[in-house]
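All remarks here apply to the structure that follows.
The values are calculated or read from the model by the stated rules, or taken from the named source; none is laboratory data. This is a predicted model, so every value here is computed, not measured. Here the Cβ is made from the backbone with ideal geometry for all residues, glycine too, and neighbour counts use every protein chain on show. Side chains are part of the model used for accessible areas, which takes the heavy atoms of the whole protein and leaves out ligands, DNA and RNA. Shrake-Rupley method; radii C 1.70, N 1.55, O 1.52, S 1.80 Å.
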Amino acid sequence: MLSEQEKQQIEAKVQHYPNKRALCLEALKIVQEHRGWVTDEGIADVAEALQLTPAELEGMATFYNMIFRKPVGKHVILLCDSVSCWIMGYERLREHLTTRLGIGLGETSADQRFTLLPNVCLGACDHAPVMMIDNAHYQDLDPGKIDEIIAMYRQEDIAR
């Protein structure tokens with residue numbers, strides 16, 4: 001069942017769309033924001049609210065790579081693996097990140113802080129290699145810069 005806050009946020013968005021069906025991606029994002037990821041129950045809840053079938057909504061959820069259908073860490077790292085990023089050092093950065101975090105692509109760190117996922121393109125080819133953590137973009141990366149960024153997130157988590 002959708003929480004009152006989820007319902008209110010979804011209803012606030014309805015006026016910006018031609019119909020409820022068009023709202024499905026935004027509704028999934030709202031549920032994910034509150035729950036951390038979109039469970040099967042979350043799919044059913046949103047489907048009921050938008051008068052869709054769970055199968056219709058599942059198709060959208062599995063197509064869009066920013067909807068997480070399994071638990072993720074507190075921070076999701078999307079590492080761009082486009083051609084531009086490959087040319088500019090993707091493999092070296094992937095190896096550095098997996099070593100630094102102690103995880104492989106598609107995995108979450110033991111402390112549940114970071115999930116590392118590949119991403120086809122983050123739209124900053126002129127500043128490759130790039131990654132995104134949560135909603136923040138980082139570009140012109142090298143191992144030292146990555147270490148600083150990861151340390152910043154760890155420090156922020158400790159401060160909270």
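Values as computed for the structure displayed
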read-out	value
Value of relative contact order over region 71-148, rounded to a whole percent, pairs C-alpha under 8 Å and six or more apart	40
Principal axis dimensions, region 120-160 - Cα atoms, whole angstrom, descending	34, 21, 13
Largest-first principal axis extents, alpha carbons of region 75-159, Å	34, 22, 21
Accessible-area composition of region 63-133, carbon plus sulfur, in percent [1.4 Å probe]	58
Alpha carbon centroid spacing (whole Å) that separates region 1-72 from region 98-160	26
Qualifying lysines (Cα of each under 18 Å from Cα of Lys70; at least 8 residues distant if same chain)	Lys29
Label point at Arg92 placed 7 Å out along Cα→Cβ; residues across region 121-146 whose backbone nitrogen lies under 11 Å	129, 141-144
Order of exposure, largest accessible area first, which applies to Asp140, Asp45, Asp147 with probe 1.4 Å	Asp140, Asp147, Asp45
Pairs of Cα atoms farther than 18 Å apart, the chain, %	63
Surface accessible to a 1.4 Å probe, per residue, for the residues of the chain, Å²	55
Solvent-accessible ranking of His127, His75, His96, largest area first, probe 1.4 Å	His127, His96, His75
Value of D in µm² per second that Stokes-Einstein yields for region 45-112, Kirkwood Rh from Cα pairs, at 37 °C (0.692 mPa s)	226
Paramagnetic label zone (point 7 Å from Cα along Cα-to-C-beta, Ala136; backbone N under 17 Å) in region 60-89	73-80
